[in-house]
Amino acid sequence: MGLAQENPAYITPEAYLAVEMASDTRSEYLKGEVFAMVGTSSMHNIIVLNIAQTFRNHLRGGPCQVFALDLKLRVEAANAYFYPDLMVTCSEADRRSEFIKTEPILVVEVLSPSTALFGRDKKFASYRQLPGLQEYMLVDTEQESIECYRRADNGEWIMHPYGAGEAVTLHSLGLTFPIETAYQDVDFTRSE
C-alpha cells in the first residue's frame, strides 16, 4: 500500500508543482505536505539583497550564479521543494533549468524567530542530502550573527559562527566579507 493511500492528505510532488506553477503565492513541499509561506519583512529583504549583491559582485563573469527568493530548489532525496532565500550553483544542468535548481554548492536562509526552527531542523536535514552542497548559511535577523555549516571531507557538518566585527568566510565561493556587509542599512530597533 503506497503512502498516498495510507495518508489521504498526502500530496504528490506532481500535484504540488501543478498548483505551485499556476499560483500567485508560494508554498514549500516536504514529503507530501505543503507549507504556505508568509511574506517577509523589510529587514529580511534588505539582508537578502545585501548578501545577494555581495555574492553577485564576487561571482560576476564566472561559472557560478546566485539566485534569490523566488526560485525553487528540488531536494529529490528528501522529497522536497523549497524556496531558499539565496542559493549559489555552478551546475550546467541548473543553468539550463529555468524554474527549479537541484545542485547548489551554497544555500542561505535568513531566519526570523518564526522560521528559525524549521530552517535549522527540517530544511537543514533536507539540504544535507544534496550531494554537492558544501555550505549552509543561516543569517539572524535580530542581531549580527551568522552561522555557516560547512561539510568536512569526512562528510560531517561543522558549524562556524560569526558575530559583530568578524569576517564571514565561505569556502564554497572563495569569499570573505565583513559581517556588517550583510546588515548594511538594517535597523535592529524595528520589529520583525
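The values are calculated or read from the model by the stated rules, or taken from the named source; none is laboratory data. This is a predicted model, so every value here is computed, not measured. Neighbour counts run over all protein chains shown; Cβ positions are idealised from the backbone, glycine included.
Across region 84-97, the qualifying residues are those that are buried (at least 19 other Cβ atoms within 10 Å of the Cβ) and out of contact with any Cys (no Cβ under 8 Å at 6 or more places or on another chain), and the one among them that is farthest from Leu133 (Cα to Cα) is Asp85.
Of all the residues in region 177-192, those that are surrounded by 13 or more Cβ atoms within 10 Å (Cβ to Cβ), assigned to a loop (DSSP other than H, G, I, E, B) and modelled with pLDDT of 90 or more number 3. Selection of region 41-59 for residues being of a type outside the set (A, V, I, L, M), under 14 Å from the mean Cα position of the chain (by Cα) and surrounded by fewer than 20 Cβ atoms within 10 Å (Cβ to Cβ) yields only Asn45. Within region 81-119, the set of residues being more than 26 Å from Gly39 (Cβ to Cβ) and either among the basic types (Lys, Arg) or in contact (Cβ under 8 Å) with a residue 60 or more places away in the chain (or both) comprises Arg95, Arg96, Ile105.
Met1 - would you say it is outside any helix (DSSP H, G or I) and at pLDDT below 90? Yes; evaluated as a whole, the condition is true for this residue.
Out of region 98-136, which residues are surrounded by 16 or more Cβ atoms within 10 Å (Cβ to Cβ) and of a type in the set (Ser, Thr, Tyr)? Listed by number, the residues that qualify are Thr102, Ser112, Thr115, Ser126, Tyr127, Tyr136. Among residues of region 91-125 being of a type in the set (A, V, I, L, M) and part of a strand (DSSP E or B), the one that is farthest from Glu147 (Cα to Cα) is Ile100. The single residue among Leu71, Leu86, Leu30, Leu17 that is under 21 Å from Thr169 (Cβ atoms), of a type in the set (A, V, I, L, M) and in contact with a strand residue (DSSP E or B) (Cβ under 8 Å, 6 or more places away or on another chain) turns out to be Leu86.
Can Glu156 be described as touching a Ser or Thr at 6+ places or on another chain (Cβ under 9 Å), acidic (Asp, Glu) and over 19 Å from Arg56 (Cβ atoms)? Here the answer is no, as Glu156 does not meet what is asked. In the set (1) assigned to a loop (DSSP other than H, G, I, E, B); (2) closer than 19 Å to Pro63 by Cα; (3) in contact (Cβ under 8 Å) with a residue 12 or more places away in the chain, Gln129 fails one condition alone, (2).
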